[in-house]
Structure formats: structure tokens, C-alpha cells
Amino acid sequence: MNEVKKIVKAELKKQSVNFAFGNIISKYKRESIVFLDSNSEVGYIGYTFVSSKYADYNSLFGIFLSCRFGLEMSGTTELTKIIEKLKLSFPPMAKLPQCYFGFTSLYFSPLKFYNNGTISFYENDDIVNKCIELTQNVNDIFIPYIYNFINVTPALTNDILEYPYNYGYPLTCILIQCILNHNYSDIPYLVKLAREKKMYDSTSNKINEIIEKLNRYFGTNIDC
């Protein structure tokens, strides 16, 4: 098993794609794709190895994915930098302690990413092809969410509406996206949707604070 695991780790590193999202670049280290801004880590998506007990029957071991853009990172993305400067009086939601954006494949898109979010490896697997397939699935399924978060694209709003629990400040992120992309007319409707979905930061007191601090930061006059 150790020999197979060693081959898998080598292949994952070999197949890893280097990404460049504006000022943010990536490199592969410690079984993770690490995202960097001026050599400071802003987040990562990594491969977590688990024993056969947590993988499919008769497998050698399994792998699931974990992603984190946390408050402890030494660098910031455009979005996390803005949230830091807002100095909100409340922390990120408890389900994502000290985290702006994060997930594991165990609960996020598990039906798209193998059985229960874990890929299992067996003695007779074609390791090279399986690792190629794995890295391609990572690129196709999960990297677009990271891209939207790093670049604060309009598509970030749909990502958050679909999976609000992946974001420490879901409504705050939506509102920042609207301002940066000049989608001001969408704000009242999106605030209404956030309330309906009971997003963590969609209570009246939190919304009032977010709007006030965003207007002060951007020099805008948004209202909802």
C-alpha cells in the first residue's frame, strides 16, 4: 500500500496544473495546490489521504479534497482584503471557523466527485490514468468555484446562492461582487434571496452594518 500511495503522490504532483488568476498564482506542495499572492499563501485545495476504513470496500486507501481560504493565511485575495478592511463586528459563520471560503468534497458536489466525495484506490488500478482522471475532475468540478472567488466574478453570486455554507460571509461576498462589477440594480433582490435562504449574515442588524461599512469603504450609496 505504501508503494502505491507513493506512486499516487508522485503522479498527482506531476499532473498538477499551475494556475494564474491575475496576481494569484499556484504551486504544488505537500499534496496541495497552493494559491499565492507575492509568495504569500491565500488558500489551497488539497488531497487528503484516508485509510480503507473510510473508502470503498477492499480498497487500499481513499482520497478526498479539502479547500480553505482562511483568516490565518499570510496573503489575501481582493475579496478577503476588502472584508478584512470592513472590520465587521461579527466573525465568519461557525460552520466555517476563521474561514472566508472553504469546503471538502465529502459534502460539496459529492455526487459529481466519486462515491461519497472520496476516490478509492485498488491494488490493480492503472495509477497513472486514475490520477489523470482525478486531477481533471478537480480542475473541472472545483477549480471554477475557486476562480470565481479569487476573481470576484459575477458567477460568484450563483455559487454562493447554491452553496452558502461554503462562505464565511455569504451575503457580504455577494454585495462586494455587485459593487465591484457595477451590478447595483441586483442588490435589493439578492438581499431578499439571502434573507429567504437565511444566510448567516442576512439578519437585519448584520445587513445594516454591512451596507453602512461598504458605503463608507467604496464611497457608494447603496440601499436595500
Pop a pseudo-label 7 angstrom from the Cα along the beta-carbon direction at both Ser66 and Asn39 and give the gap in nm to one decimal.
-> 2.7
Mind putting a number on the dipole of the chain about its Cα centre? Charges go on the C-beta only, +1 for Lys and Arg and -1 for Asp and Glu, and I need it in Debye to the nearest 20.
-> 440
Theoretical FRET efficiency, 1/(1+(r/R0)^6), r = Cβ-Cβ of Lys29 and Asn183, R0 35 Å, to 0.05 | 0.45
Taking Lys and Arg as +1 and Asp and Glu as -1, residues besides Lys9 with C-beta under 12 Å from its C-beta add up to +3
Under the rule rounded for a/c under 1.5, else prolate if a/b exceeds b/c, else oblate, using alpha carbon gyration tensor axes a ≥ b ≥ c, the range 175-224 is classed as oblate
Ellipticity estimate at 222 nm from DSSP helix runs (n ≥ 4, -39,500 (n - 2.57)) divided over the chain, nearest 500 = -11500 deg cm²/dmol
Translational diffusion of the chain, µm² s⁻¹ [Kirkwood Rh, Cα pairs; Stokes-Einstein; 4 °C; 1.567 mPa s] = 69
Scan the range 1-97 for chymotrypsin sites (Phe, Trp or Tyr not before Pro) in coil per DSSP, keeping those whose Cβ has at most 10 other Cβ atoms within 10 Å, and list them by number.
-> Tyr57
Residue-span extension gain [Tyr122 to Ser52] - 0.36 nm each, minus C-alpha spacing | 24.2 nm
Residues in the range 131-170, backbone N under 18 Å from the label point at Lys85 (7 Å along the Cα-to-beta-carbon vector): list them, ranges by number please.
-> 150-153
Separation of the Tyr163 and Thr220 label points, Cα + 7 Å toward Cβ, nm = 2.5
In the range 69-103, which trypsin sites (Lys or Arg not before Pro) fall in coil by DSSP and have 15 or fewer other Cβ atoms within 10 Å?
-> Lys87, Lys95
Candidate lysines - alpha carbon under 26 Å from Lys87, same-chain residues fewer than 8 apart omitted = Lys95, Lys192, Lys197, Lys198, Lys206, Lys213
Reachable lysines from Lys5, Cα under 17 Å, same-chain residues fewer than 8 places away excluded?
-> Lys13, Lys14, Lys29, Lys53, Lys130
Please sort by residue number the trypsin sites (Lys or Arg not before Pro) in the range 1-32 whose DSSP state is loop and whose Cβ has at most 15 other Cβ atoms within 10 Å.
-> Arg30
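Every number in this text was worked out from the coordinates using simple rules, so none of it is lab data. Worth saying up front: this structure is predicted, and the values here are computed from it rather than measured. No Cβ is skipped: glycine too gets one built from the backbone with ideal geometry, and neighbour counts run over all protein chains shown.
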